[in-house]
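Let me begin by presenting the structure, written as structure tokens, before commenting on it.
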Amino acid sequence: MKKIGVLTSGGDAPGMNPAIRSVVRTAVYRNKEVIGFYNGFSGLLDGNYTEMNRRSVGDIIHRGGTILRTARCREFETKEGREKAYKKIEKLDIGGLIIIGGNGSLTGGKLLNEEFGIPVIGIPATIDNDLAMTEFCIGFDTAMNTVLDALNKIRDTATSHERTFVVEIMGRDAGYLALYTGMAGGAESILIPEIEFRLDDIINNCKAGFERGKLHNIIVVAEGAGKELKGDKNSRNIGNIIGNHIRNELSVETRVTILGHLQRGGSPTARDRIISTQMGSKAVDLLLDGEESRMVSCQANNIVDVSLDKALNKEKSIDMDIYNLARILSL
Ligand code: F6P
């Protein structure tokens, strides 16, 4: 294999840049050429790419986002789209592809391998941390710290005004970010898509907190929680639905903060830089060792690799010990 391709795809995650840097510099060290595709799979389809060298990844280790930019590419979801990509890869004489992204992006890579035999190594990167068989995805640690910083600030003002705050956190289908930051931020309630809840439970929890003399009440909710409460209006924010309900039922001053996309930006934390760097290098090693369809993974602080197929077919379950502990400590 003379040449490898690399791309970032799906929602960006802090740490993608250090991962690209590590891929490029490890490959160059091992006398390989690297092609970086822009805008995820779209760059592969449109032939929008750049030849990368050690210098193309200088001064990016501390930057959020991705210098290769990213996109969600609908065309690549079709077999025709993937065939077009395969032809481009062949034409460029690329021996294998490293895909840095979340569930959807790695699924695209897996299909490209199954249908056209292109060796693909996935690097899990999503602030949602919802890929199975890895404890950490790139971006999760930075996003947790960003959310925690916001929760600390909200707590200051919540206590000063003796107010209830509902803080909506990213996570369309997964509650890891909300769960871990809710615990680390000392939230009174944590609501996540994986665990059903009733609006009455939130009200009772608020009342119990006030009776125990709590000065504030912070409810952390993942954006994908309580889908059934949104009815057919799936675009309604769950944060606002809960905030309105508390106002109506308890007549307490309630504010809603939707943290939104600021959670996806920012300079990667030390932990994210370290795992991105290790994962990028491991991905190159796997390709050069002749591996075909693997995902790099972090398990018990070690960087290992697992079957891409198995990782994508497994659901990552919520750690109920963490959920229960957060509940007990918030009483
Ligand atoms: O990357 C994952 C994620 O941040 C989800 O938590 C969120 O629902 C989604 O992406 C938002 O996507 P977009 O940037 O397309 O609005």
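When the inverse distances between all different Cα atoms of the chain are averaged and flipped, the Kirkwood radius reads 20.7 angstrom. Estimated at 0.36 nm per residue, the fully extended path between D173 and L111 surpasses their Cα-Cα distance by 20.1 nm. I want to verify a result. In a Gaussian network model of the chain, Cα cutoff 10 Å, which of these has the top mean-square fluctuation: A13, A85, A300? It is A300. Considering only Cα atoms, the convex hull volume of the stretch 204-331 works out to 185 Å³ per residue. The simple Förster model, with R0 at 56 Å and r as the Cβ-Cβ distance, assigns S307 and A208 a FRET efficiency of 0.75. For the chain, the residue among G224, H161, Y86 whose Cα projects farthest onto the positive side of the dipole built from Cβ charges is Y86.
Could you work out how far helix 140-161 tilts from the main Cα principal axis of the chain, as a 0 to 90 degree angle to the nearest 10? Helix 140-161 sits roughly 20 degrees off the main axis of the chain. Once the Cα atoms are used to define both axes, helix 16-29 deviates from the longest principal axis of the chain by about 20 degrees.
In the chain, a dipole from Cβ-located charges (positive for Lys and Arg, negative for Asp and Glu) runs towards its positive end, and of I322, M170, G290 it is G290 whose Cα lies farthest in that direction.
Helix content alone sets the calculated 222 nm mean residue ellipticity of the chain: runs of n ≥ 4 DSSP H residues at -39500 (n - 2.57) each, divided across all residues, give -13500 deg cm²/dmol.
For the stretch 203-230, no residue has its backbone nitrogen under 14 Å from a point 7 Å from the Cα of D149, taken along Cα to Cβ.
With +1 on the Cβ of every Lys and Arg and -1 on the Cβ of every Asp and Glu, and nothing else charged, how large is the dipole of the stretch 113-266 about its Cα centre, in debye rounded to the nearest 20?
680
Once the Cα atoms are used to define both axes, helix 238-250 deviates from the longest principal axis of the chain by about 0 degrees. Projected over every direction and averaged, the convex hull enclosing the alpha-carbon atoms of the stretch 257-331 yields 7.9 nm².
Of the accessible area of the chain, with the probe set at 1.4 angstrom, what percent is carbon plus sulfur? Summing carbon and sulfur atoms, their accessible area is 45 percent of the total for the chain. For the stretch 143-264, the convex hull spanned by the alpha carbon atoms encloses 91 Å³ per residue.
What is the extension gain from D93 to S160, computed as 0.36 nm multiplied by their sequence separation minus the C-alpha to C-alpha distance, in nm to one decimal? Don't skip to the answer; put the middle values down first.
Details: separation 67, 0.36 × 67 = 24.12 nm, distance 6.26 nm.
My answer for the length gained is 17.9 nm.
Working from Cα pairs under 8 Å separated by at least six residues, relative contact order for the chain is 23 percent. Could you pull out the trypsin sites (Lys or Arg not before Pro) across the stretch 16-125 that fall in loop regions by DSSP (anything but H, G, I, E, B) with no more than 14 other Cβ atoms inside 10 Å? Loop-located and lightly packed - R30, R74.
Distance from the Cα centroid of the stretch 247-283 to that of the stretch 30-75 is 24 Å (rounded to whole angstrom). Ordering P124, I4, N204 by the projection of their Cα atoms onto the charge dipole of the chain, which places +1 on the Cβ of Lys and Arg and -1 on the Cβ of Asp and Glu, puts I4 at the extreme positive end. The mean sequence separation of alpha-carbon pairs under 8 Å and at least six residues apart, normalised by the residue count of the stretch 143-264, gives a relative contact order of 37 percent. Per residue, the stretch 1-66 exposes an accessible area of 39 Å² to a 1.4 Å probe, with every protein chain left in place.
For E228 and M1, what is the calculated FRET efficiency with R₀ set at 51 Å and r taken between the beta-carbons, to the nearest 0.05?
On the way: r = 50 Å, r/R0 = 0.97.
Approximately 0.55, to the nearest 0.05.
Distance distribution P(r), the stretch 40-178, all Cα-Cα pairs, bin width 5 angstrom from 0: 2, 8, 15, 17, 16, 14, 10, 7, 4, 3, 3, 1, 0 percent. Note on L329 and E77: the model spin-label points, each 7 Å out from Cα along the C-beta direction, lie 3.9 nm apart. Amide H contacts of K316: A132, each under 5 Å away and 5 or more positions distant or on a separate chain (H built 1.01 Å from N in the peptide plane; Pro and chain starts excluded).
Charges were assigned to the Cβ only: +1 to each Lys and Arg, -1 to each Asp and Glu. The resulting dipole of the stretch 224-331 about its Cα centre is roughly 540 debye. Put a plus charge on the Cβ of each Lys and Arg, a minus charge on the Cβ of each Asp and Glu, and nothing anywhere else: the dipole of the chain about its Cα centre is then about 860 debye. For the stretch 143-264, the solvent-accessible area with a 1.4 angstrom probe is 46 square angstrom per residue. Of all beta bridges that DSSP places with both ends in the chain, some 25 percent have antiparallel geometry.
Cβ-Cβ distance of Y86 and S317, R₀ of 45 Å, FRET efficiency by 1/(1 + (r/R0)^6): the value works out to about 0.85.
The values are calculated or read from the model by the stated rules, or taken from the named source; none is laboratory data. Since the model is a prediction, treat every value here as computed from it, not as a measurement. As a convention, Cβ positions derive from the backbone with ideal geometry for all residues, glycine included, and neighbour counts pool all protein chains shown. When the accessible area is computed, the model is the full protein with side chains, heavy atoms only, and any ligands, DNA or RNA have been set aside. Shrake-Rupley method; radii C 1.70, N 1.55, O 1.52, S 1.80 Å.
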